[in-house]
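Notes follow once the structure below has been shown.
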Amino acid sequence: MKKRKLFTAALALAMSFMLVLAGCGNSASSSSSGGAKAVQSLSASDKDLRISVLNVGQADATLIQYKGKNMLIDTGEVDSRADLVKQLKERKVKDIDIIVITHPHGDHLGGMAELFKDFKIKQIYDNGQSANTAMYRNYLKNIKAKNIAYKTLKKGDTFTLGDDVTFTVLSPGTPFTKENTQSVSESGLTNDNSIVCKMTYGQFSMMFTGDAQKEVEEKILKDYKPADLKSDVLKVGHHGSKTSSSDAFVKAIAPKAATISCAAGNQYKFPHEPTLKTLQKYNVEVYRTDRNGVITITTDGSSYSIEKEH
């Protein structure tokens, strides 16, 4: 009788341990061939890279954290400045090591004025494209006044976060202009000159696309092999607009998960149905800030998980 009680207790303990290991986070989709493996959840460690697709309305802002370093790709819009700062402070951000502004539209550059006030910024990268706006002029004034390291990025450039996380710039190369790009508006040309970069950490990779449209995707497909483009996660271009995410581009990236930054009930009706259908065609699991709030991707370089705020 005593032996039976000991066996039952041991079995209960083993089952409890297995449940702890399993975790309770929202799972990501299965991994792509040769990429990082998706798992239910990952425990926090110094080796973890965290990517938080912030909830900043009809705008873009992604926080990347690794080894105590903080990086932002885009900074939301003017109306979302308070939300941006709140979400950064909730994630214990005090200094920002790197900011990348993919292009100078207000829904990507809009949070900078507040960031200059509230945080010490060490390095800023952008695509070198100017804008005839007070927002852009103040952005340049603050960089100079605060003596912040500044550099423009172009195709072929690379930079790192915490030594182990590498960003490779795929676009822009030759700027998209009225002379070399047909049937694209002035605003569309600004979108097309967005910084597009692939982030790699161990076996995990994520593609960041700014607002780059299909003409940019076509150029990238000509310039790179599918193996160079393949990524576990895709930050969907232009908030899910039908002007981006061509069939051929999504097929080449071969993501298992995708994130879309957009506001609920936005006037542009993003994300557009053709984009969602393309992602569905390739069995990509879609996460959206308008429905899921902040989207957090955690990886140790071999496995990754994706969690939704709601």
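What to note about this one:
- Average accessible surface area per residue within the chain, 1.4 Å rolling probe, Å²: 49
- Flagged links, alpha-carbon separation over 23 Å, of Lys89/Lys120; Lys47/Lys69; Lys219/Lys269; Lys67/Lys94: Lys219/Lys269
- Straight-line reach from Lys92: taking Cα to Cα under 16 Å and skipping same-chain neighbours fewer than 8 places apart, the aspartates and glutamates in range are Asp46, Asp48, Asp83, Asp118.
- The chain - percent of accessible surface contributed by carbon and sulfur, probe 1.4 Å: 51
- Each residue, Glu309 and Leu140, gets one label point 7 Å from its Cα in the Cβ direction; the gap between the two is 3.4 nm.
- Region 66-134: trypsin sites (Lys or Arg not before Pro) falling in loop per DSSP and having at most 15 other Cβ within 10 Å: Lys67, Arg91, Lys92, Lys94, Lys122
- Per residue of the chain, the DSSP helices (runs of n ≥ 4 H) give a summed -39500 (n - 2.57) that works out to -8500 deg cm²/dmol at 222 nm.
- Annotation for Ala113 and Thr160: the two label points, set 7 Å from Cα along the Cα-Cβ direction, are 3.8 nm apart.
- Identified option (computed volume of the Cα convex hull per residue in Å³; candidates (1) 149; (2) 164; (3) 118): (1)
- Folded to 0 to 90 degrees: helix 214-223 orientation relative to the chain principal axis, Cα: 80
- Between the helical axis of 2-22 and the longest alpha-carbon principal axis of the chain there is an angle of about 0 degrees.
- Proximal lysines to Lys225, defined as alpha-carbon separation beneath 27 angstrom and excluding residues fewer than eight positions away on the same chain: Lys37, Lys154, Lys155, Lys198, Lys214, Lys235, Lys242, Lys251, Lys256, Lys277, Lys281
- Over 15 Å [Cα-Cα, region 84-130], rounded percent: 46
- The angle between the Cα long axis of helix 81-90 and the longest principal axis of the Cα atoms of the chain comes to about 30 degrees, rounded to the nearest 10.
The values are calculated or read from the model by the stated rules, or taken from the named source; none is laboratory data. Only a predicted model underlies this, so the values are computations on that prediction, with no experimental measurement involved. Glycine also receives a Cβ, built like all others from the backbone with ideal geometry; neighbour counts cover every protein chain displayed. Note: areas computed on protein heavy atoms with side chains; ligands, DNA, RNA excluded. Shrake-Rupley method; radii C 1.70, N 1.55, O 1.52, S 1.80 Å.
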